[in-house]
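The structure under discussion appears below in the form of structure tokens.
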Amino acid sequence: MTASSLEDAHAATRGVTRLSVAVAVALIVLKTFALGASGSVSILASLADSALDLIASLATFFAVRWAAAPPDEDHRFGHGKGEAMAALVQAGLVFASAVFIGWEAIQRLFDPRPVTAGWAGVTVIAISMALTGWLIWQQGRAIRASGSTAVSADRAHYASDLAANVVVLIGVISGAFLTAPGLDAAAGLVVAVWLFWGATSVLKGAADELLDRTASDSDRASITTAVLSDPRISGVHRLRTRQAGPVLMIQMHVDMAADLTLAQAHDILEAAENRLTAMWPHADIMIHPDPRGPTPVVAKPPKKAADTASPGADD
């Protein structure tokens, strides 16, 4: 992992988190206008979600900058898990949003209210969907460049929002043009369930990283295959992996011939590390060589006769 590639990854996450905050602010302004004009519970649900999106995006904004800080005396492995902590904050906020929206929707199911200014609501939701879709595309590019857990969580949240906005759009159209306000409330309830499901997925991903869950079986198999592609490495054992933000930590022991020099062993292991970083550019790799087979015995030169003579031999 080169310093420049990691810095590029951090730059990508910083840029997309700024964009996420800006989009969240724009969505809040638009949906506030639409709510005042229409009184739709679907738009209320979407507005509440966007307000929490802003808090979550701000948490991600600061988390990725803290996670990018280099290792120090108190954090020798860096600060990458700050991204997972931000993802936990996001999950909690989404859970809260789902509960609030679900409660409001249930109340409106029993006490339907008409939806007015339908065209304003439809227009705002359509613009919101376009902005959200563009942000998701930008976040996807940043994730490919960095593998950021926090940005992945933010993207999952906005992807849920995009799907939820489709439901909101249906609710607004039903309440305003089909005179069926009950459908508007039902749409809000669907949004709440959707958000709850998305929050569960975000929570699981963040918890896996904080609890040092190992890499997937396919990734571990790829690591082993890449290392063993050099016939001078005959085995891999004690393979351990964990994720810290964009950095995949890889540690292992490998079997090598016992008669290799230190310089030869170093070159072999460096080549193995290069093969791994080609697959995981931000990986932090530590490989320990173990000698395979009996250690060659170096014959000691025979002692000289003078060395073996007794102390009083010349007397």
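Taking every residue in region 66-95 that is among the aromatic types (Phe, Trp, Tyr) and pairing it with any residue that is modelled with pLDDT under 75, at least 6 positions away or on another chain, the pairs with Cβ-Cβ distances below 7 Å are TRP66/HIS79; TRP66/GLY82; PHE77/PRO71. Restricting attention to region 222-248, the residues that are in a helix (DSSP H, G or I) and among the polar types (S, T, N, Q) total 3.
In this entry, ALA11 passes the filter for residues that are surrounded by fewer than 15 Cβ atoms within 10 Å (Cβ to Cβ), at pLDDT 70 or above and under 20 Å from the mean Cα position of the chain (by Cα).
Flag: ILE101 does not match the condition of being at pLDDT 75 or above and over 19 Å from the mean Cα position of the chain (by Cα).
Quick check on my filter: what residues within region 271-293 are within 16 Å of THR224 (Cα to Cα) and exposed (fewer than 14 other Cβ atoms within 10 Å of the Cβ)? ASN274, ALA278, MET279, MET286, HIS288, ASP290 - these are the residues of region 271-293 that are within 16 Å of THR224 (Cα to Cα) and exposed (fewer than 14 other Cβ atoms within 10 Å of the Cβ). Is it the case that some residue within region 236-244 is at pLDDT 90 or above and under 26 Å from ALA153 (Cβ atoms)? Checked region 236-244: at least one residue is at pLDDT 90 or above and under 26 Å from ALA153 (Cβ atoms). Residue count for region 76-93, restricted to those that are at pLDDT below 75 and more than 19 Å from SER146 (Cβ to Cβ): 2. Taken as a whole, the condition of being assigned by TED's automatic domain parsing to the domain that holds SER148 and either at pLDDT 90 or above or small (Gly, Ala, Ser) (or both) does not apply to ALA226.
This table checks each residue for (1) within 25 Å of the chain's Cα centre (by Cα); (2) under 30 Å from GLU83 (Cβ atoms); (3) of a type in the set (Gly, Ala, Ser).
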site: LEU211; (1), (2), (3): yes, yes, no
site: SER229; (1), (2), (3): no, no, yes
site: MET249; (1), (2), (3): yes, yes, no
site: ASP255; (1), (2), (3): no, no, no
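Return the residues of region 211-221 that are of a type in the set (A, V, I, L, M, F, W, C) and not in a loop (DSSP other than H, G, I, E, B); say none if nothing qualifies. Within region 211-221, ALA221 is the sole residue that qualifies.
The values are calculated or read from the model by the stated rules, or taken from the named source; none is laboratory data. As the structure is a computational prediction, the values presented were derived from the model and not from experiment. Positions of Cβ are generated from backbone atoms using ideal geometry, with glycine treated the same way; all protein chains shown enter the neighbour counts.
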